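J.: The structure follows.
Since every read-out is calculated from the coordinates, none of them should be taken as a lab result. Since we're looking at a predicted model, the values are computed, not measured. Note that each Cβ is placed from the backbone with ideal geometry, even for glycine, and that neighbours are counted across all protein chains shown.
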């Protein structure tokens, strides 16, 4: 559970003084990671026949929540069984998002590609795991399949 700094009013006994001081308190509202998984589209429309257009309709959106550019060089996005996309030299601009599509395509600043010939994200449920270049987990998004075919993280 993340903590949030809140201001607490502390009265000093017998002196008639009040002090406002920051206090760390547990909260259910969690602070956003600097770079996070924002959405997983795990069930592309139509039958799963493996065509590239269908594969590319399955994707994960990664967002930079900060006001500064972040290098994602060497970062990975993977599922529970180890299907892995590794970012090459890549910088995500402040406040920007990048979509990592399952199939093949020409990478751009907005779209990257696993290059897979089959689906990565399980329609019945899975976990998307974003790790930094040191291998530390930065964010995860676990979902169970639903009729809508995507989840917001």
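J.: Residues of the range 60-100 with amide nitrogen under 16 Å from the 7 Å Cα-to-Cβ point of residue 110?
T.: Within reach of a label on residue 110, which here means backbone N under 16 Å from a point 7 Å along Cα→Cβ, the range 60-100 contributes 60-64, 92-100.
J.: With each label point set 7 Å from Cα along the Cα-Cβ vector, what nm distance links residue 96 and residue 73?
T.: If labels sit at residue 96 and residue 73, their model points lie 1.5 nm apart.
J.: Let me ask something additional. Given the convex hull over the Cα atoms of the range 45-153, what projected area results after averaging over all orientations, in nm²?
T.: Result: a mean projected hull area of 6.7 nm².
J.: Hey, how many Å between the Cα centroid of the range 90-139 and the Cα centroid of the range 58-80?
T.: 7 Å
J.: What is the distance, in nm, between label points placed 7 Å from the Cα along the Cα-to-Cβ direction at residue 83 and at residue 48?
T.: 0.8 nm
J.: Moving on to the next point. Please list 38-44, 77-83 highest first by mean number of surrounding beta-carbon atoms within 10 Å per residue.
T.: 38-44, 77-83
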